[in-house]
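These notes are about the structure you will find just below.
The values are calculated or read from the model by the stated rules, or taken from the named source; none is laboratory data. Bear in mind the structure is a predicted one, so any value in this text is a computation, not a measurement. Positions of Cβ are backbone-derived with ideal geometry, glycine not excepted, and every protein chain shown enters the neighbour counts.
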């Protein structure tokens, strides 16, 4: 019963109050913090890597890092901005790792085998819409994700933070450590590249 009451209290606290409680030894508050932010961290990681399992692993790794560093957090920026910075850096480190590059190459080879008919593909159809619409929506989503994946890391980061996650320019400056002019310049070039890659979708 006490645990239920405590959980209810946690859910009413702002992030800053919740963090203060955690810093003072209330470990149970961290569960609430994860619950609030886990979806956006997963989505960011997925957009960055284009792989559900990788995104899930990196979201967990992000929160492990957050837990380990939370006592040092001084609230000089918003918690969500600080969280995004950790998530972005975790994703960047993963992309640079040899293990990730090897797995990505193997995945491409596996995809080619499926495309060539060497392996069966098992998918459950969504009966709430016609197979044609479902196929077109899936193909469109895949095309967009592939276009984002193909951007250089710096440009991809700009698009994800501004256009997918909706962060303000000031927040992106805090997350990336770049100055405002550089952020705007990189974002403009990233959007231009992305429009060219996605032009066939509008034809």
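Okay, here's what the table says:
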read-out	value
Cβ pairs under 8 Å, 6+ apart, first in region 148-172 and without any contact (Cβ under 8 Å) to a residue 24 or more places away in the chain, second not in a helix (DSSP H, G or I)	172/178
Any chance residue 70 is at pLDDT 95 or above, surrounded by 11 or more Cβ atoms within 10 Å (Cβ to Cβ) and in a helix (DSSP H, G or I)	no
Residue 86 vs. criteria more than 12 Å from residue 49 (Cα to Cα), buried (at least 16 other Cβ atoms within 10 Å of the Cβ) and modelled with pLDDT of 90 or more	yes
Residues satisfying the stated conditions in region 165-203, i.e. buried (at least 16 other Cβ atoms within 10 Å of the Cβ) and under 17 Å from residue 87 (Cβ atoms)	165, 167, 171, 172, 173, 174, 175, 176, 178
Residue in region 35-42 that is within 24 Å of residue 90 (Cα to Cα) and either at pLDDT below 85 or surrounded by 20 or more Cβ atoms within 10 Å (Cβ to Cβ) (or both) present	yes
